[in-house]
Structures are given as structure tokens and as C-alpha cells.
1. Considering only residues that are away from chain F (no Cβ under 14 Å) and open to solvent by 20 Å² or more (accessible area, probe 1.4 Å), which ones fall in the range E:77-95?
2. For residues that are closer than 27 Å to E:T39 by Cα and in contact with a strand residue (DSSP E or B) (Cβ under 8 Å, 6 or more places away or on another chain), tally how many sit in the range F:35-60.
3. Keeping to the range A:64-121, report how many residues are closer than 26 Å to H:G108 by Cα, assigned to a helix (DSSP H, G or I) and touching a residue at least 12 places away in the same chain (Cβ under 8 Å).
4. B:S111 - would you say it is of a type in the set (S, T, N, Q), more than 24 Å from C:V47 (Cβ to Cβ) and at pLDDT 95 or above?
5. What tally of residues in the range C:30-60 results from selecting those that are part of a loop (DSSP other than H, G, I, E, B) and hydrophobic (A, V, I, L, M, F, W, C)?
6. With modelled with pLDDT of 95 or more, in contact with a Ser or Thr (Cβ under 9 Å, 6 or more places away or on another chain) and of a type in the set (S, T, N, Q) as the only criterion, which of A:N82, A:N72 stands out?
7. May I ask you to list the residues in the range A:99-113 that are open to solvent by 20 Å² or more (accessible area, probe 1.4 Å) and β-branched (V, I, T)?
8. Just give me the residues in the range A:17-29 being charged (D, E, K, R) and assigned to a strand (DSSP E or B), in sequence order.
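The values are calculated or read from the model by the stated rules, or taken from the named source; none is laboratory data. The model shown is predicted, which means the values in this text are computed figures rather than measured ones. Cβ atoms come from the backbone with ideal geometry, glycine included; neighbour counts cover every protein chain shown. When the accessible area is computed, the model is the full protein with side chains, heavy atoms only, and any ligands, DNA or RNA have been set aside. Shrake-Rupley method; radii C 1.70, N 1.55, O 1.52, S 1.80 Å.
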There are 10 protein chains.
Amino acid sequence: MSDSTNFRDTLEVFDNPSPERNFTIEHHCPEFTSVCPKTGQPDYGTVVFTYVPDKLCVELKSLKMYLQRFRNEGIFYEAVTNRIMDDFLAIVKPRRVRIETRWTPRGGLNSNIIVEYPDPS
Amino acid sequence: MSDSTNFRDTLEVFDNPSPERNFTIEHHCPEFTSVCPKTGQPDYGTVVFTYVPDKLCVELKSLKMYLQRFRNEGIFYEAVTNRIMDDFLAIVKPRRVRIETRWTPRGGLNSNIIVEYPDPS
Amino acid sequence: MSDSTNFRDTLEVFDNPSPERNFTIEHHCPEFTSVCPKTGQPDYGTVVFTYVPDKLCVELKSLKMYLQRFRNEGIFYEAVTNRIMDDFLAIVKPRRVRIETRWTPRGGLNSNIIVEYPDPS
Amino acid sequence: MSDSTNFRDTLEVFDNPSPERNFTIEHHCPEFTSVCPKTGQPDYGTVVFTYVPDKLCVELKSLKMYLQRFRNEGIFYEAVTNRIMDDFLAIVKPRRVRIETRWTPRGGLNSNIIVEYPDPS
Amino acid sequence: MSDSTNFRDTLEVFDNPSPERNFTIEHHCPEFTSVCPKTGQPDYGTVVFTYVPDKLCVELKSLKMYLQRFRNEGIFYEAVTNRIMDDFLAIVKPRRVRIETRWTPRGGLNSNIIVEYPDPS
Amino acid sequence: MSDSTNFRDTLEVFDNPSPERNFTIEHHCPEFTSVCPKTGQPDYGTVVFTYVPDKLCVELKSLKMYLQRFRNEGIFYEAVTNRIMDDFLAIVKPRRVRIETRWTPRGGLNSNIIVEYPDPS
Amino acid sequence: MSDSTNFRDTLEVFDNPSPERNFTIEHHCPEFTSVCPKTGQPDYGTVVFTYVPDKLCVELKSLKMYLQRFRNEGIFYEAVTNRIMDDFLAIVKPRRVRIETRWTPRGGLNSNIIVEYPDPS
Amino acid sequence: MSDSTNFRDTLEVFDNPSPERNFTIEHHCPEFTSVCPKTGQPDYGTVVFTYVPDKLCVELKSLKMYLQRFRNEGIFYEAVTNRIMDDFLAIVKPRRVRIETRWTPRGGLNSNIIVEYPDPS
Amino acid sequence: MSDSTNFRDTLEVFDNPSPERNFTIEHHCPEFTSVCPKTGQPDYGTVVFTYVPDKLCVELKSLKMYLQRFRNEGIFYEAVTNRIMDDFLAIVKPRRVRIETRWTPRGGLNSNIIVEYPDPS
Amino acid sequence: MSDSTNFRDTLEVFDNPSPERNFTIEHHCPEFTSVCPKTGQPDYGTVVFTYVPDKLCVELKSLKMYLQRFRNEGIFYEAVTNRIMDDFLAIVKPRRVRIETRWTPRGGLNSNIIVEYPDPS
């Protein structure tokens, strides 16, 4: 796997224009693709971000470029979803965030992964 | 019936990439088939897993291979659903899991079975 | 009306494969037919069972055969629904069960009957 | 208006087959028609009964005949709904009942009336 | 059966405002009701008129009053549809007309009748 | 199999009220049931009649009673559809008729049969 | 009824920007209202224009103002549809045009009127 | 691959009850499964038969048993569809037949195969 | 109005990769906006191109830039649709092309314009 | 651009199992991705093949591998669609084939390309 630090640096932010409010931002990214580390075959999915910003908002074009960096990356569904969460928390530092990945069928099975911050338990 | 231990060994796991979180994984498996122990006729159904992993995640291709081993197995709806739960708990050891099987009609009747861990009562 | 005991004996059970769990079984039976005791005309409906088994599960083919025995039986909607509940409780002895019958229109009216154990009040 | 007592006598009942239970009966009657007392024009609507029987159940064909008696009766929406409730309570004496009438448009307006026993306030 | 001539006289017409054109008029009448001559029970249906007027158009309120006259008339589906056609042809004298009646279920059966002028064969 | 002549005699007709026209009658009968001659299990289906009457129309209640006579009759899908056609042609003698039967699934398969008069080839 | 000439003068046109072509223009006007000349009650409907312009196109705001002039006009469905056609032909002089009015229910009946130029017969 | 002759012999026929007519029979078989000869993985699909019988009709249970024989057979989509056509033509000898197979996704691709007799070109 | 020649020059083309074939290209552009020349208010619509290229294809980004140049242009629906057709014909020189504009409601009216080359008459 | 010959060689074929018939094969490939040669950004689309094979059929896994080779290829929509057609004709040599590509929005525009053999003009 590539060095995660490099991917994360692609994410750019700008100042939250209204940090005095708790407001919600959703980004739907239906063109995500990465590579299965076991078979070498491409995976396709949708990534949905739902977050309440604190001091920063993620810049949309940089988010697209960040997600494109996984295009030729070999990584499991569970790992990529958590890695996106790690990067998002490190750079955007939101008050709350939920990241869901929904994957097209592979071998007759299809999967969804849901990660939330703060921890829902 | 075959020795359950053998089927269970087909399931492979990998380390949960983020065990510090409680996140949710869903797998939809619409191509399940087994055999009715009473009539010898094939049954068809969908198996849906929804779980919060602890230290381990189930590897998707091994889950497919595991489910395929029931292809020629004579077993009731209720038994196969609970047996999948037993195997899943033994190998994946999740924090929480819900397994639902939904079956196509037989003799004009169609059935669903829902098993949860920990026990919902 | 025929002797209810005879119908009940058609129901076969098998040992609950996982009595240590509280799990849920649903059976949808859309091809039920009986006869109106007032007009002698056939009635058509769907019977839905939702139950948590205790020591026993109902065998599906015997459930089909049991329901077919009402095919030429003259009996009201309310009576047949409660009689199925009585038989189900006597033979399957579930922890919980809900039985709903949904009937096609007669004389421009259509009806549903819902019976639950334990009593919902 | 005709004598309400006569209409009420059309309703027939039979013994609740399982008075030891609280179970629910729904009857949908989409072919109700009466006459507007102001314009003399016919009104069309659906009457929905949802009740928990006590000692008695309403016989379905008599319910149909009872509702047909309003066919040429001049009566307002609100009055007919409450009069059906009065008759139903007097004859069937249920533990609980909800009666809803839903009317087709008149002059570009359409109406629903909902009456419940015991009183919901 | 009542004297058809009387019913027919309820239909009022007005001069086609543009007889130089072949234009099309549709009237949907979803609140038709008559009585089954065999059982004495009410029937419910929709009547749809589609016609090209010649010198006359049917006045809409009179059409409603005309259809209401069948409210307590005992008449078969096939007969009422053809009788409406006879009356419409006699009074409105259209260039072309199609009349379709669609009936709610009776005894588990539901019917549609379609009559056209000129004859479609 | 029972003597077909007897069933056929259940069908009653009445005089076509408008034999001078070619008009179309549709009857949808969704509550048909017969018995599989091979397994002895009940079959369920819908029968749809679409016909242009000549001198006679089929009476609806007799059509219902006729179809009910198949309730305990062992007969294949193809045979029952053609037998209904034979009986309908013999008694109603329509100018044109199409009969379609649509059956609920058996053993995971579901079937439709379509017969037309005159022959469509 | 008011003098039709005045209404018609509300329609404004502009030069067809491409008279060398046969192209199609559609205008959907779902907010039309006029008054029933018989009952004095308001009618509501949609007017749809589909035309191929010749030398002129109708200006959209003037079309809206023109249609609004019918707001307090007592006029039958058939008459208003043909009058709009007359005005449209007189002012816009299209190569082809189809005008359809679709009306909300009145007294349980709803109607559509369709007029075309040149005549479709 | 197994000997095709053996599979074919599973198909049973019965005499067409009305060979004097050209009527149509449809069978939908949504639970077909075979094995990919390249990967050894199971394939899942639906087989639809639409045919006009000549002297013989296919017996439905034997058709189910015949299709089940492909359960563990390694065979391509194109080959299995044509082989079913060959067997159907050899045993049932219909006047006309169309066989369509519709397959669930494999590797992100999903396929349909359509074969007709007589040849459509 | 601005000089049309300038807008047209924004369109870029590239060589048709397969001029030996008649193949079809569709571009849906749902984000078109221009200005009403009468009210100064913005109009919003979709432009759909369907064409068979000859020697040239339109480059997609230049098409987007071309359409954006109408953002502050005062122009009627009919004129802009024909002007886009003129520019497309002048620069792309297709074998066939159809351009449709679909506009959001203005003052309660919504419009569509359809232009085709060669002329459909 | 890479050498087209190399991509083409990825396509594998097998002998048409029934070349004596004209039958139809459809493959839906919703996970196609290539790169825009102008912006360097990824494009996403669906490729649909519909063909009548002659002596050869395309092997499905090789078709998947072939399409994956465009993953990092800079190529226009029109060019890639025609190049797939060229490769398909060269290797599979079908009697007839239609290839359609449907692309997700770029810059607010979305496109479809349709190529057919033999030429539809």
C-alpha cells in the first residue's frame, strides 16, 4: 500500500463561514473506484459524507482529487472506508461525521460500510 | 448432514483495520441455495449480514465460498440460518451481528428467518 | 364444522435447532381458501405467521397441508383466524406469535384480522 | 331523515369466537353512497372500521346491507359518520372501535371524518 | 325496467360552437351506480365517453343527472352500456363516439364493456 | 376427470341486448383454483375473458359458479384453459374470444396460457 | 359573453426567427380558470399548445395575459377551447396547431377537449 | 460435459389437449443455476419459454427436474441456452418456440441470450 | 443582441474517428441559462443534441463553454434554439441533427422547442 | 494513445455452439472507466453489446479484461466507442452488432454514443 500521508495532503480546506452554527453538509461521490487487493480486479462504489463542520470545510475539487488517488490502490472495503475517515478527521476536524461506502456486486455479493464519529456505541 | 466444522473453516478473516471504532458492515448475498431435507428439492434465498466487527472482519470471497458449500446440503431454513450464525460467531467473533434469510416461495409459501446476537429479548 | 382436533394433528414440528436464542420466523401463505358458512361461496386470503419458537418449529410442508384442510370448510374470517391461532399454540407452543389474515373483497368489502400471543392489551 | 332505529336493526352479530383475546378486525367498505341533504346530489365514499370485539362480532353481509340503507338517505358527512358509530356501538358493543369515512371531491373539495371509541382526548 | 325514453330526455345539448371542425371531447364519470337485476345488489363503475360532436354537444350537468337516473335501476352491465350508447346517439348525434364502462369486483370478478360508433368491425 | 358436459351446463346466457353492434366484454376472474392431476396439490390462477358477443352474453354469476366447479377438479393448465374455451364456445357462441390463464408459482415456475378464437395463425 | 375581438387583441407575436424551417413549439399552461355559464362556479384546467409557426411566433407573456382574461368569463369547455383556437389561428397563423384543455372534476365528472388545425379527419 | 442425451430424457410430455388450435404457453423459471466452465463458480439466471405446441406439451414438473440437472453442470451461457433449445425441440416438437435466459451479474457484467425457432432471420 | 459569429467560434471540433459509419451521438445539457429579452429575468432549460456526425464531432468542453456564453444574452426561446442550430450546422456540419430545448416554468407556463435538420416536413 | 492491436488481443472467443441459428446475445457492462484526453480526469460509463454471433462468441471474462484495459487510457467518448466496435468486429466477426456507451455527467453534460454494424443508414 502507498503511504497514507501523501493521499491525505491532497485534501484542502477553507474556513467555515459560520462556525457559530451546527449545520450539516452532505457530499455524494458515486464514481469511486479502487482495486481489490486479493484479486487485482477493480471495485466500484459510492462514498457519502455527512458532516457538521467545526472551524473548517473540505474544498470540493480537492475532495474529488483525493478520492481519485485510490483509483489504482489495492485496498479492502473496510480499510478504505476507515482510511477515508482517518484522513477526513485529521484534515477537516469536523464536530460530527458519517461516512458510508456502497459497493457494486462482486461474486454475487454486494456490501455497504458505515463509519461514524463520534463513536455510536 | 456434513460435518459443520469443515464448512466453518472455509471462512477467512483479516484484522479489523479500525478496532477502536464501532462501525457497521453489511453483506447482501442474493444467490444462496441449499436443498430441502424433506423433498430433496433445491431452495433459493438471500442472506443478509449486518455486523459490527471486533478484532476481525470476514473476507468477502471466503464468505462467498462458505455460502456455496451449502449448495448441495440438505438443511431446513431455520437450521441453516442458525448454523451460519454459529459459524459466523465462532470465526468472526463480532461485537454485534444480525443475519436474515429470505426464501423464494415453495408450495405457495415464502419464509424469512431473523437471528440476532446478542439475543434481542 | 369438522372436528378441530383432526385439523390440528396435520401440523408437524421439529426441534428448534437453536432454542438458546430468541429468533424470528415469518411464513407468508397467500393461497388460503375456505368457504363462507353463510353463502356457501369460497373465500380467498393470505395468512401471515410471525413467531419466536421455543422448543419446536413448524414444518413448512405440514403447515401447507394443514392450511389446505380449510379448503372446503365453512367458517367465518374471525373464527378461522382464532382457530389457526389455537392450533398453532397447541402444537408449536411458541414464545410469541402474531397471525394476520387478509381477505379478498366480498360484496365490495375487504377485511383483515390480527391475533397476537401473548395478548397485546 | 328516516328513523335511525330501523337502520340499526339491519346489523347482525355472531358470538365472538375468542372473547378471551384482544384481537383486531378491519373492514374496508369502498362503495358507500348517500345523498347530500342540501343539494340532493349523491355523495360517494369509503368507510373503514377497525375494532376489538368484546362478546360480539358484526356479520359481514349484514354490514353491507346496513351500509346500503344509506343509499337514498339525505345526510351530512359528519352526521352519517357519527350515526354509523352510534349504531355500531349499540349493536356490536366492541371494546374499542375507530370509524373513518373518506369522501370523493365535491366542488373541488374532498373530506375525511374520523370517530373513535373510547374518546381519544 | 323503466321506460328508456324518459331517461333519455334528461340529456340536454347545446349547439356545437365549432361544427366546421372534427374535435374530440372526453368525459370521465367515475361515480356511476346501478342495481344488479339478478341479485338486487348495487353495482359501481366508471363511464368514459370519447366523442367527436356534429351539430350538438352534451351539456355536462345534464349528463350527470342522466347517469344518476340509473341509481336504482335494475340492469345488466352489457345492457346499461348499450342503452347509454342508444340514448347518446339519439340525443347528441355525434360523428363518432366510444363508451366504456369499468365495474368494481362482484363475486371476485370484475368486468369492462366497450361500445363504439360507428361499428369497429 | 368429471364429465365435461355437466360443467358446461352451469353457464347461463342472456340475449345480447345489442346484437347489431360489435362490442367488447372483458371479465377478470382472479380467484380460480383447480387441482394438479399429478401431485394432487391445489393450483391458483386468474382467468381473463375478452369477447365480442353474437346473439348471447354470459351471465356473470353463472360464470362464477361454472369456474368454481373446477375447485376440486384434477386438470393440467393447458387442458383447463382449452376446456373453458370449448365450453365458452359451445354455450356463448361469441363472434371472437380470447381466454388467458395466469398461474401462481409451483416448484419455482410460473405459467400463462393464451387461447384465441378464431385461430390466430 | 364579452366581445371575442378584444380578447384576441391581447395576443402579441414576434417574427419567427427561422421561417425557413418547420420546427415545433409547445406551451403548457396549467393555471387556466374560467367560469361555468350554467352554475356560476369557477372551472380549472390546463391548456396545452403544440404548433409549427409560419411567419409569426406567439409572445409568451402576452399568451399568459390572454389566458388570464377568461378568469371571469362564463363559457363552456367546448366553446372556450374552440375560441382559443380561433384566436390563435387569427393572430399567430401557424402552419399546424393542436390545442388540448384538461379540466379538474366537477360534480364527479372530468373532461378533456382536443382541437387540431388542419382538421384531422 | 455430461452426455446431453441423458438430460433430455428427463423431459416428459403429454398429449396437447387441443392440437386443432394454435395457442400459446409461457413458463417462467427464475431459479436456474449452472456452473461456469472457466471459473468453476455457480451462475444464476431465469429461463423463459414461450411456445405454440403441436402434438405435445411439456409436463411442468419434468421441466423443473430437467432444469435442475444443470445445477452442477459446467457450461457457458450461450451453450446452455442452445442446448435447452435442442432438447426442447427434440422432445416437445413445438410449432414455434422462443427461449430467453437472463443472468445475474458476474465480474460486473450481466447477460441475456435469446434463441427462437423457427429462425428469425 | 451580440454578434452571433463570435459565439459560434467557441465551438471546437475534432475529426470524426469513424466517418465511414453512420453512428449517433447524444449530448444532454441540463444547465442552460439565458435572459428573457422582455423582462430581463433569467430563463433556465435543458438542451438536447442528437446527431449523426459527418467529418467532424463537437468537442464536449467547448460545447459547454459555447452554451455558457448565452448566460447574459437577452434572447427568446425560439430564437436561441434556432441560433444554436445555425451555429451547430455551420461548425459541425453533421449528416443529421435534432436540437430540443425544454424550459422551466415562467409565469405558470412551460415550453419546449424542437428543431431538426434536415427539415422534417 | 496505446497501440490498439494490443488491446484487441485481450478478447478471447469460443466456437458458437449453434452457428446454424441466428440468436441474440446481450452483455451489459456498467463499470467502464477511461480518462478524458483533454482534462486528464476519469470518465465513467456503461457499455452495452447486442449481437448475433456468426462462427464465434466473445468469452465474458476476456471481455471484462479487455474493457478494463481502457482504465487509464486517454480517449474521447466517440473514439472509444468506435474503437471497441473495430476490435469487436475484428475478433468476434458477428453477423450483426450494436454497441452503445452511456456516460455519467461531466461539466453538467451527459452523453450517449450508438454504433451499429451493418451500417443503419
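1. First, the residues of the range E:77-95 that are away from chain F (no Cβ under 14 Å): E:91-95.
Across the range E:77-95, the qualifying residues are E:I91, E:K93, E:R95.
2. Here is the first cut: in the range F:35-60, the ones closer than 27 Å to E:T39 by Cα are F:45-60.
Adding the requirement that they be in contact with a strand residue (DSSP E or B) (Cβ under 8 Å, 6 or more places away or on another chain) leaves F:45-53, F:55-60.
Qualifying residue count for the region: 15.
3. Filtering the range A:64-121 down to residues closer than 26 Å to H:G108 by Cα leaves A:64-84, A:99-115.
So of that shortlist, the ones also assigned to a helix (DSSP H, G or I) come out as A:64-68, A:77-84.
Still in the list and also touching a residue at least 12 places away in the same chain (Cβ under 8 Å): A:64-67, A:77-78, A:80-84.
Going through the range A:64-121 one residue at a time, the tally reaches 11.
4. no
5. Taking the range C:30-60 as the starting set, the residues that turn out to be part of a loop (DSSP other than H, G, I, E, B) are C:36-41, C:53-55, C:59.
Narrowing the set further to residues that are hydrophobic (A, V, I, L, M, F, W, C) leaves C:36.
Summing the residues that are part of a loop (DSSP other than H, G, I, E, B) and hydrophobic (A, V, I, L, M, F, W, C) in the range C:30-60 gives 1.
6. Working: A:N72 fails: modelled with pLDDT of 95 or more.
Testing whether each residue is modelled with pLDDT of 95 or more, in contact with a Ser or Thr (Cβ under 9 Å, 6 or more places away or on another chain) and of a type in the set (S, T, N, Q) leaves just A:N82.
7. Correct list: A:T104 only.
8. Taking the range A:17-29 and keeping what is charged (D, E, K, R), we get A:20-21, A:26.
The answer is A:E26, and nothing else.
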